[in-house]
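Derivation of every value follows stated rules applied to the coordinates shown; laboratory data play no part. Bear in mind the structure is a predicted one, so any value in this text is a computation, not a measurement. FYI the Cβ positions are ideal-geometry reconstructions off the backbone, even for glycines, and counts take in every protein chain you see.
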């Protein structure tokens, strides 16, 4: 299984770290960006993307993860929107947290869906026009998973659950408790 992680300048590295920690034993993790090269995360980590967006074959993607950050400067980047639409048409899971759902909205994938996000209320109505904005931490709508930025533990568990990687629900609850330091 191959997990692709979309990176862009000032992406919120900490929001996807718990999920990547879970996935590392079950899947190959491949990073990509608009161009290959060094990116600076919100936490000021320098990260080198494995591939440029032009090198990503949608058929090779088993899961796509989009971390939070500020997607608005990239809303006109048609190559990402087209890739997202192709992956969606292939019914592959796409998981986006905090600002990440904005990329899905710009690609037209969230119309009519219930969503979670990390945008300010005044921006959310504009970006997610036609979507049903919720106060829930994580929402699964078909192959699309969206989450609030503060819900990175719940996001990690829900994506892992969606992939069928937990043996049972007790294991999922235990993983969430571990991430939230409840055990």
Summing -39500 (n - 2.57) over every DSSP H run of at least 4 in the chain, dividing by its residue total and rounding to the nearest 500, the 222 nm mean residue ellipticity is -9000 deg cm²/dmol
Mean Cβ-within-10 Å packing, highest first, puts peptides 142-154, 66-78, 125-137 in the order 142-154, 66-78, 125-137
A chain fully extended from residue 167 to residue 141 at 0.36 nm per residue, minus the present Cα-Cα distance, gains in nm 7.1 nm
Mean-square fluctuation maximum in Gaussian network of the chain, Cα pairs under 10 Å, restricted to 117, 162, 88, hits 162
At the level of C-alpha centres, the distance separating region 135-183 and region 39-56, in angstrom, is 25
For the pair residue 178 and residue 79, the simple spin-label estimate (label points 7 Å beyond Cα toward Cβ) gives in nm 3.8
Stretched fully, the stretch from residue 86 through residue 14 gains (0.36 nm per residue minus C-alpha distance, one decimal, in nm) 23.2 nm
Here the convex hull volume per residue of the chain, taken over Cα atoms and given in Å³, is 113
Computed over region 2-179, the relative contact order (Cα-Cα under 8 Å, seq sep at least six) in percent reads 20
Assertion target for 38, 56, 173, ordered by fewest C-beta neighbours within 10 angstrom first, is 38, 173, 56
Length gained if residue 114 through residue 62 is fully extended, taking 0.36 nm per residue and subtracting the Cα-Cα distance, is 16.4 nm
Region 69-85 scanned against label point 7 Å out from residue 38 along Cα→C-beta; backbone N under 11 Å for none
